[in-house]
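Just below is one structure, and these are the notes that go with it.
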Amino acid sequence: MSSISSTRLKLLKEQLFHGFFVKKEWWGDDLTILNTPEVEKKSISMRKALAFEKVCLEMPLEIKPHELIVGLATMSSVGFGHTFPKYETDEEAKYFAQFSLDRKSVWGHHMPYYKKLLEVGYSGILAEIEQKLKTEADPEVIDFLTSAAHTLKAAAALSKRYEALIKESAQSEQDDLRRTELLELSRICAKVPNEPAESFHEALQSVWFVHMLLHSTLSYTPLGRIDQYLWPYYEKDFNEGRLTRQEAKDLIGSFLIKFNERTQFRSEHMENHMSEGDWSQGGDPNEPTTTFDMENDADYNFGQSANHWLQSATVGGLKPDGTDATNELSYLFIETLNELELVSPMISARLSDLTPKEYKSFVGGELCEGGAQPVLFNDEVIIKGLTQRLNIPKEDAFDYASDGCWEVLIYGRTEYSYGHIEVMPCMEALFNKGCSFVTGRKIGVDPGDTLNSLNTFDEFYEAYFEQVRYRIDNAVKNKMKYYDKVHQIAPEPYLSALVDDCIENGRDLTNRGARYRIYSLFATGLSHCIDSLSAIKKLVYDEKRLTLLEVAAIIKDNWKDNEALRQYCLNKTPKYGNDDKEADAILVRFMNDFCDRADYWNSSIDWLTITAGVATFENYPRFGRQAWASFDGRFAHEAFSSNYSPAVGRDQEGPTAVVLSSTKVDLSRLNSGCPIDLRISFNKNSKDECKDILSAFIESFRSLGGNIMTITKVDIETLKKAQENPEQYMSLRVRLGGLTVYFVQLAKAQQDEYMRRTEHNF
């Protein structure tokens, strides 16, 4: 990594890294607004607004030394450990519990339209609400608008609290320069986000205040196209001589640091539970909610989203008018993030045919330095899918952004969620009369005695895909029930005010208010599915060495007494990720069928867009733990491969072969994304050679039709040393499946799993 460019950034980084070892205090979960019968009688939306107001008026405030952006988010975690004042009655809580819903069933994955916020401020949005209220007669619309207005006024009060605190701090500050900085910060907090931003500093502070407050009130949101909506303020200040590039980096660095202040390294600082079965992730409300051990020192760890919070930002790509969007901020955000060795926000770099060669080379160079930032997006493929497959207008499709991990949506205009379609348990259902080998519960269609009569691979495949189709259909049906219920217990009046069309439609984000409503179906465990189908085709139908009943028995027994056969399946049958014609033909067939079923539902529902993708995010160990053995040689409970990547260790023909296999599918159909995650090293190449090689590889990935790719440059020896001597590798960053993390913060089991990934060399 390059040296830190200023004393301020050096001090901010030292301050941050020291803070990783200090336990963060959880705040807000023991509070309530239900103090009077009058409050209990108010609508759920207004009670949510009142709970939001309580946070704004009472949440702890903090100003740290050296920082130029102020505001401290309350401690919370994605998936577990949400904190927020109680606003639902006990009766409501009991009723919605039967649907696996509560006040914390706020999924996030929605981006505020920061461009509008910066241009008009809360005051402008309030004026829009007030104008609509003048002519509105519908009580439900009036209730929503009134609740949204209440949250905006409360949010403005939080900024005023910071104004007062900073002004007080300035009075006792002995250093003249810092006193001047504090007085300027006080002025800025008095102004934004309530009023429009007029400078780069004001714009950054405005965005952070909104983001901080959303993340303190259950709304885990990304940042969208940060280099685009901040550019007018940077350009104006720079051109008029009020801002130098280094001053901009100091501001950006102070801004980026804020997204990492909740990060915790030590296992004793982490909560030890995680709930599953929530409708928000496509869970079945009829299934019992389960809890899993999350302690970092446990034998098994279920992921690290605790330090993630869906914080991502997108730079580069194309403008809504189709021209190149690259600007100086596209460089500065990536450069500063990597200079400070941060994991949040995750930066996604959009690349297109119009992206300057200099920028593409810069991106390759940054990845060559290590740190796994940025994630790479291919505009041509993704925009084609949005426009031609989903019929989204070009001006909106050109304005897409990366969501929490890498999901694709139209920034500032989308309500988004997804469901995992776990395709390996579908094989269990076929082999076990529609039931799971793990739990014994029904998870699919009972095939009866059909295993005896599936005489061709095509017949077997169709029987298997019927199980996948059943799972897709159930996920969509459950999601429809979720939409009917969630706004009744977990509305989003504040965020709704910041998402386009909600005010105009008079509807909450959770109640069909946004312009686009997208539900993504993500195939999970894909590589093991393809490799298992390939092995069955070879051993049962091509070589006729086994029957399907024998395969079912082997799987049920978890490969007991069949190690030789397991090794054969691991090493001798066709595998996805090696540019193998047989395996890749099965991949293409499966993905086309998967997308066809998504299209079926998309054509059947007029208010919700159904998209397809491939995903595990960082939870590939957890998904594997919940699945039995598979016929690719994987044991029961072993981790899955991440996202669209080949099975761990099975991609033996190099990174180009991985790309060639993955792009045989028309990836424009997989509108929500399907990243391949690569770990690479460079033998003895020079720094410039590494940059040139990687930049060329990235461009080949784009030209072949890839849509999303993550790259971590790290060799196995470095990972081993980090595991043995973590204190010497505190800032070593790697990409899991959905987030960038500090390697030494992972549980050993998850470190070991990461180290099993194929190390590709150039």
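Every number here is computed from the coordinates shown, using simple stated rules; none is lab data. Please read these numbers as outputs of a predicted model, since none were measured by experiment. Note: ideal-geometry Cβ built from the backbone for every residue, glycine included; neighbour counts use all protein chains shown.
Observations on the model:
- Checking Cβ-Cβ separations below 4.7 Å across the chain identifies C56, C189, C405, C426, C435, C502, C529, C569, C595, C674 as cysteines lacking any candidate disulfide partner.
- Cα centroid separation, the range 11-79 to the range 608-667 (Å): 37 Å
- Reducing the range 403-418 and the range 672-718 to their Cα centroids gives an inter-centroid distance of 25 Å.
- Each part gets one Cα centre, and for the range 320-388 versus the range 471-513 those centres are 31 Å apart.
- Using a Förster distance of 25 Å, the FRET efficiency for K10-K687 (Cβ separation, nearest 0.05): 0.60
- R103, R589 arranged by Cβ crowding within 10 Å, fewest neighbours leading: R589, R103
- Chymotrypsin sites (Phe, Trp or Tyr not before Pro) restricted to the range 1-76 and DSSP loop, no more than 12 other C-beta within 10 Å: F21
- Share antiparallel - DSSP beta bridges, the chain, percent rounded to 5: 25 percent
- Full-stretch length increase - V39, N592 - with 0.36 nm per residue and alpha-carbon distance subtracted: 193.8 nm
- Per-residue [θ]222 nm for the chain (sum of -39500 (n - 2.57) over DSSP H runs n ≥ 4, rounded to 500): -13500 deg cm²/dmol
- For the pair T89 and S703, the difference between a 0.36 nm per residue extended length and the Cα-Cα distance amounts to 215.5 nm.
- For trypsin sites (Lys or Arg not before Pro), the sites in the range 667-762 that DSSP calls loop and that have at most 16 other Cβ atoms within 10 Å are K684, R756.
- Fully extending the segment from K23 to T547 would add 183.0 nm, taking 0.36 nm per residue of separation and subtracting the current Cα-Cα distance.
- Cross-link partners for K481 among the lysines, with Cα-Cα distance under 21 Å and sequence neighbours closer than 8 places in the same chain left out: K94, K104, K442.
- Qualifying GluC sites (Glu not before Pro) in the range 40-137, where qualification requires a DSSP coil assignment and no more than 13 other C-beta atoms within 10 Å, comprise E62.
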